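Have a look at the structure below before the remarks.
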Amino acid sequence: MAEERPGLLCISTYEKGQAFLREAAKSCRVELLTVDKLKSADWPWESLSAFHTMPEDLPPHEALHHVTRLVKHKKFARVVALDEFDLETAALVREHLRWPGMGETATRYFRDKLAMREGAKRAGVSVPEFSSVANHDELWEWMQRVPGPWLLKPRWSASAIGIQRVNKPEEVWPMLEKLGDRATEHLMESFVPGEIYHVEGISWEGELVWALAHKYGAPPMQTMHQGGVFTTRTLDRAGDEARGLLEIHAATLKALGMTSGVTHSEFIRAHEDGKFYFLETAARVGGAFIAEVVDFASGVNPWVEWARLVVAEILGVAYRLPELREEYAGSVICLARQESPDLSGYDAAEVVYRLKKHHHAGLIVKSGDPERVRLLLDEYGRRFLTDFYARLDAPDKAM
């Protein structure tokens, strides 16, 4: 009888990671644990050996019970969290069941915005001024030393969810009082005007083996809170921006102890001094179709490579990057007034992907010339505002 394939348990409380699941299923017995409301979502059912659900919004220690029930009569070699909000659950599972991978302390550096800032700063990586809010005397001293405005940020949220701008100290205390016992789940950070970038990376056994630098159009915080069209694009690999970003990105991942996996990291280039500063990182694939942009630009699909990397760990073999290419890609995406926006008027030869999602307009362009990508995104971004754009207020917390 053929030997049973190794088991891989994937946890995702959001609908994502289909490419990961398909790729991992080529070598592993893949089981997915998600939430009840996603039991009929668009999962790659042909790739799943088993499918499990649990109620929504369970804290990690309660989600753990659903995993321990599964392992009574099944063996798994690894557990992987496909979404950022499931990283703590996966870390707790590894600790509790003594499975390989990043435990709770290691995971904090890629989930807790205070921990990652402290870790980066200790290693000499430039970060905006920041402070814990736990001790009010220390926070008051920090606000006297660091001029406002500041940002009150949730330590555990993703993207720009829940971030509030604060202009003077007397605005801070009512906010913290309103948060009550949840106040220490936040941090204060100096507001640094500048341009926002992101770097997608792959690490293997403590070494950063691949990275690609990108630049957002409007900052994600501005897009989420004030509205607008989201764009991002690959930077010229030979340019000063890309080289500077790759340098601080490598230093950041080393400082935070990244071992094996994919990362999505964000940086800001301050208008005041032109320096790059670390903002945040996550041990996951970037959202908003960043994976597709990366794939068109480089031949690296972060979801697929993450799966291959995990499989290599399970099988005890070396991970190898795919054949790389050096092109450039960018995306333009927004909420749309129309249920099914008509993108036929966006007919440049460089358009390689059109988003098919209710009340969303989006496309990806690809070219051998980074300047051509930039110009197309500028043009299409302006047209999206007129043709499709709809505004939806940002949530205070993850939905």
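Taken over region 184-218, residues that are among the aliphatic types (A, V, I, L, M), under 30 Å from Leu324 (Cα atoms) and either open to solvent by less than 20 Å² (accessible area, probe 1.4 Å) or modelled with pLDDT of 95 or more (or both) amount to 8. Any idea which residue in region 259-293 is surrounded by the fewest Cβ atoms within 10 Å (Cβ to Cβ), counting only those that are among the hydrophobic types (A, V, I, L, M, F, W, C) and in contact with a Gly (Cβ under 8 Å, 6 or more places away or on another chain)? Residue satisfying both the conditions and the ranking: Ala270.
Rundown of residues vs (1) part of a loop (DSSP other than H, G, I, E, B); (2) open to solvent by less than 80 Å² (accessible area, probe 1.4 Å); (3) among the aromatic types (Phe, Trp, Tyr), yes/no style:
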{"position": "Val300", "(1), (2), (3)": "yes, yes, no"}
{"position": "Asp342", "(1), (2), (3)": "yes, no, no"}
{"position": "Tyr346", "(1), (2), (3)": "yes, yes, yes"}
{"position": "Leu385", "(1), (2), (3)": "no, no, no"}
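Val133 - would you say it is closer than 20 Å to Ala183 by Cβ, surrounded by 19 or more Cβ atoms within 10 Å (Cβ to Cβ) and of a type in the set (A, V, I, L, M, F, W, C)? When the stated conditions are applied, Val133 passes them. Asp295 satisfies every condition listed in (1) closer than 26 Å to Gly119 by Cα; (2) assigned to a helix (DSSP H, G or I); (3) free of Cβ contacts under 8 Å to residues at least 60 places away in the same chain; (4) of a type outside the set (A, V, I, L, M) except (1). Look at (1) among the hydrophobic types (A, V, I, L, M, F, W, C); (2) farther than 25 Å from Val332 by Cβ; (3) within 18 Å of the chain's Cα centre (by Cα) and you find that Ala255 fails only one, number (3).
The number of residues in region 22-53 that are assigned to a strand (DSSP E or B) and either open to solvent by 10 Å² or more (accessible area, probe 1.4 Å) or polar (S, T, N, Q) (or both) comes to 6. Here Lys74 fulfils each of the conditions (1) within 21 Å of Thr107 (Cβ to Cβ); (2) open to solvent by 70 Å² or more (accessible area, probe 1.4 Å); (3) touching a residue at least 40 places away in the same chain (Cβ under 8 Å) apart from (1). Considering region 233-256, the residues that are more than 21 Å from Ala283 (Cβ to Cβ), in contact with a strand residue (DSSP E or B) (Cβ under 8 Å, 6 or more places away or on another chain) and hydrophobic (A, V, I, L, M, F, W, C) include one that is surrounded by the fewest Cβ atoms within 10 Å (Cβ to Cβ), namely Ala242. Which pairs turn up if I take residues in region 102-117 that are more than 17 Å from Asp86 (Cβ to Cβ) and look for partners that are part of a loop (DSSP other than H, G, I, E, B) and β-branched (Val, Ile, Thr) with beta carbon separation below 7 Å, at least 6 apart in sequence or on another chain? Sorted first by the residue in region 102-117, then by its partner, the pairs are Arg117/Val127. Kindly check whether there is at least one residue in region 95-106 that is charged (D, E, K, R), under 20 Å from the mean Cα position of the chain (by Cα), in a loop (DSSP other than H, G, I, E, B) and at pLDDT 95 or above. Scanning region 95-106, I find no residue that is charged (D, E, K, R), under 20 Å from the mean Cα position of the chain (by Cα), in a loop (DSSP other than H, G, I, E, B) and at pLDDT 95 or above, so the answer is no. The residue pairs whose first member lies in region 41-54 and is within 21 Å of His65 (Cβ to Cβ) and free of Cβ contacts under 8 Å to residues at least 40 places away in the same chain, whose second member is loosely packed, with under 13 Cβ neighbours inside 10 Å and basic (Lys, Arg), and whose beta carbons are closer than 6 Å, counting only pairs six or more residues apart or on different chains, are Thr53/Lys39. Of everything in region 229-264 that is in contact (Cβ under 8 Å) with a residue 40 or more places away in the chain and acidic (Asp, Glu), the residue that is farthest from Ser367 (Cα to Cα) is Glu241.
Quick check: anything in region 142-155 modelled with pLDDT of 95 or more, more than 28 Å from Leu256 (Cα to Cα) and part of a helix (DSSP H, G or I)? Checked against the condition, which is being modelled with pLDDT of 95 or more, more than 28 Å from Leu256 (Cα to Cα) and part of a helix (DSSP H, G or I), region 142-155 yields at least one hit. Evaluation of Asp181 against the conditions (1) open to solvent by 60 Å² or more (accessible area, probe 1.4 Å); (2) assigned to a helix (DSSP H, G or I); (3) touching a residue at least 12 places away in the same chain (Cβ under 8 Å) shows that the sole unmet condition is (3). For region 55-71, filtered to residues that are under 24 Å from Gln18 (Cβ atoms) and not in a helix (DSSP H, G or I), the residue that is most open to solvent (accessible area, probe 1.4 Å) is Asp57.
The values are calculated or read from the model by the stated rules, or taken from the named source; none is laboratory data. Just so you know, these numbers come straight off a predicted model, no measurement behind them. Neighbour counts run over all protein chains shown; Cβ positions are idealised from the backbone, glycine included. These accessible areas exclude ligands, DNA and RNA; they are computed on the full protein's heavy atoms, side chains included. Shrake-Rupley method; radii C 1.70, N 1.55, O 1.52, S 1.80 Å.
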